[in-house]
Amino acid sequence: MNLSRRELLKAASAAPFASLLSLRAAEPILTFPGMIVRQTLPQNLEMPFASLSDWVVAAERFYVRSHFAVPKIDAANFKLIVEGHVENRLELSLADLKQFEKTTTPLTLECAGNGRVFLTPAVRGLQWANGAVGNAEWNGIPLGTLLDRAKPKAGAIDVVLAGVDSGSLTADPATPGAIHFSRSLPLAKAKKPESIIAWGMNGADLTPSHGFPLRAVIGGWYGMASVKWLNRIFVSDRPYKGYFQTMDYSYYVRAIGSEPEVIPVTEIQPKAAIARPGPNETVPVNKPYTVFGAAWAGESTVAKVEVSADGGTTWMEAKLDDKPKPFCWVKWRWEWMPTARGPARLLAKCTDERGTTQPEKRNADRRAYAINHWVPVEVQVR
Ligand SMILES: Nc1nc2c(c(=O)[nH]1)N[C@H]1C(S)=C(S)[C@@H](COP(=O)(O)O)O[C@H]1N2
Ligand SMILES: [Mo]
């Protein structure tokens, strides 16, 4: 080895993290302490839901869902373009964006495929358990502020968000060669205060995995709308039909004449997930045990969480740790006193402020997405 003094100093200061960090920046970092690796390239990492602790999840413990490789972006020369059906085309640097009135907004993101491993029969796609969800504080500006500047023309109805990342998907239905990750939302939703353009997460710059230097965060909608590495916003006078809202992230509804039609996955459905105890855990008999988890309710707010220890015959109301905030998860707990030895079947369900609650059974029309039917946690009382 022939290292210069500077390189030696650099290596020495990095030594405690040598197992985590590659000293050559170009190499991907392939170990993710504390995360469940669902895939390395592209990066797909799950937060072990049993490790749920703080209301705000740190960036390095926040789940990662990426369809393509993390793009390398030079923040100094980065530009966000807003164009299409607008009066004013915008081209803004990060410094320009930071001139607008800033917001720090807590929002919960959940991947539309979260909980897929619980589906029977199994469906293809990443086999997430409960941990493709997280809550963070996003630092940025409202998307509406930018749209006000760009002035959508009369007839504008859809806002397409596109990322720098690109690639081709070969599994059926294949993409027509390389495409960028892109996704649209109606102009009305884009103008809501919960639709954010963020450069920061929990007070620090976004990490490369979470979209550095800029991303969208669309509160109340499944994660696919929160486009990372966002560099182009395209306003349209007709509904966009990109890959990630037709071929992917779409499901059936039967709203017209009860015939199935395909619509994009959008709103997060209410869900309460149990963090502890975990599946097959042993719970001591005749001792109080705190059943603990989180619940979230998309565009609504969590109204209550109920827990059952007998597979859904009787339900008790859980205690919420805080007053639920809109678009955010709330942690909850329920003191259980198991008095009979043997198997027990725990369930949790969330009801939102609109009165929508979780269905007992899976609706197959939702294909591989929006998984919020009751999922039991089977434990042994001993
Ligand atoms: N550019 C881009 N944005 C993206 C994706 C992607 O692959 N590329 N994945 C989407 C999906 S499906 C989810 S669930 C969220 C995940 O955000 P996170 O990785 O920061 O948790 O990012 C969304 N934004
Ligand atoms: Mo997702």
Output ³J(HN,Hα) for region 355-361: one whole-Hz value per residue in order, computed from phi by the Karplus curve 6.51 cos²θ - 1.76 cosθ + 1.60 with θ = phi - 60°, and x for Gly and Pro.
x, 6, 10, 6, x, 5, 10
Cα-only Rg/Rh for region 24-252 with Kirkwood Rh rounds to 0.95
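Using only Cα atoms, what Kirkwood radius does the chain have, in angstroms? Don't skip to the answer; put the middle values down first.
Details: mean 1/r = 0.0449 Å⁻¹.
Across the chain, the inverse of the average 1/r is 22.3 Å.
Please state the charge dipole magnitude for region 312-382, taken about the Cα centre, from unit charges on C-beta atoms (+1 on K and R, -1 on D and E), reported in debye and rounded to the nearest 20. Walk me through the numbers on the way to the answer.
Numbers: 14 positive and 9 negative charges, 39 e Å.
So the dipole magnitude of region 312-382 works out to roughly 180 debye.
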Could you work out the percent of alpha carbon pairs in region 142-248 separated by over 17 Å, rounded to a whole number?
53
Percent of Cα-Cα distances greater than 18 Å, calculated over region 271-381:
48
GNM result for the chain, Cα springs below 10 Å: residue of Ala59, Ala156, Ala122 fluctuating most strongly
Ala122
Dipole of region 24-252 [Lys/Arg +1, Asp/Glu -1 at C-beta], most positive-end residue of Ser184, Thr145, Tyr240:
Tyr240
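In the structure shown, do any of Lys192/Lys323; Lys153/Lys325; Lys191/Lys361 have a Cα-Cα gap over 25 Å, and if so which?
On the way: Lys192/Lys323 22 Å; Lys153/Lys325 34 Å; Lys191/Lys361 35 Å.
Beyond 25 Å: Lys153/Lys325; Lys191/Lys361.
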Expressed in angstrom and rounded, the centroid-to-centroid distance over alpha carbons for region 168-223 and region 264-339 is 28
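For region 166-319, what mean projected area does the convex hull of the alpha carbons give, in nm²? Don't jump to the answer; show the numbers that get you there.
Values: hull surface 58.5 nm².
Taking the Cα atoms of region 166-319, their convex hull projects to 14.6 nm² on average.
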Positive-end residue of Phe292, Ala348, Leu90, charge dipole of the chain with Cβ unit charges
Phe292
Quick one: putting +1 on the C-beta of Lys and Arg, -1 on the C-beta of Asp and Glu, what dipole do you get for the chain around its Cα centre, in Debye to the nearest 20?
360
Hey, quick one: spin label on Val123, modelled 7 Å out along Cα-Cβ, who in region 346-369 has an amide N within reach, i.e. under 13 Å?
362-369
Cα-based reach from Lys151 at 19 Å (exclusive), listing aspartates and glutamates while leaving out same-chain residues under 8 positions away:
Glu83, Glu87, Glu91, Asp96, Glu101, Asp237
Reachable aspartates and glutamates from Lys319, Cα under 13 Å, same-chain residues fewer than 8 places away excluded?
Glu306, Glu335
Where the chain is the region considered: accessible area per residue in Å², 1.4 Å probe:
48
Loop GluC sites (Glu not before Pro), region 53-135 (other Cβ atoms within 10 Å of the site Cβ: 16 or fewer; DSSP):
Glu87, Glu101
Projecting each Cα onto the charge dipole of the chain (Lys/Arg +1, Asp/Glu -1 at the beta carbon, about the Cα centre), which of Phe62, Pro376, Met35 comes out farthest on the positive side?
Met35
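Please sort 173-180, 43-50 by packing, taking for each peptide the average over its residues of neighbouring beta carbons within 10 angstrom, highest first.
On the way: 173-180: 12.6, 43-50: 21.0.
Packing order, densest peptide first, comes out as 43-50, 173-180.
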Carbon + sulfur, % of accessible area of region 24-252 - ligands and nucleic acids excluded, 1.4 Å:
54
Per the rule of 0.36 nm per residue minus the C-alpha distance, extending Glu91 to Ser53 adds in nm 9.7 nm
Once you have the alpha carbon radius of gyration of region 34-150, what is it after dividing by 2.2 N^0.38 Å, with N set to its residue count?
1.33
Place a label point 7 angstrom from the Cα of Lys102 along the Cα-to-Cβ direction, then list the residues of region 128-150 whose backbone nitrogen is under 20 Å away.
136-147
How much length is gained if the chain between Ile157 and Val262 is pulled fully straight, taking 0.36 nm per residue apart and subtracting their Cα-Cα distance, in nm to one decimal?
35.9 nm
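Can you pull out the trypsin sites (Lys or Arg not before Pro) in region 218-278 whose DSSP state is coil and whose Cβ has at most 14 other Cβ atoms within 10 Å?
Working: sites: Lys228, Arg232, Lys241, Arg254, Lys271; in loops: Lys228, Lys241.
Answer in residue order: Lys241.
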Which angle from 0 to 90°, rounded to the nearest 10, does the C-alpha axis of helix 5-14 make with the longest principal axis of the chain?
30
Between Leu320 and Ala340, what length comes free when the chain is fully extended (0.36 nm per residue of separation minus the Cα-Cα distance, one decimal in nm)?
4.6 nm
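The values are calculated or read from the model by the stated rules, or taken from the named source; none is laboratory data. Fair warning: this is a prediction, and the values are worked out from it, not measured in the lab. All Cβ positions, even for glycine, are placed from backbone atoms using ideal geometry, and neighbour counts span all protein chains on display. Accessible surface areas use protein heavy atoms only, side chains included; no ligands, DNA or RNA. Shrake-Rupley method; radii C 1.70, N 1.55, O 1.52, S 1.80 Å.
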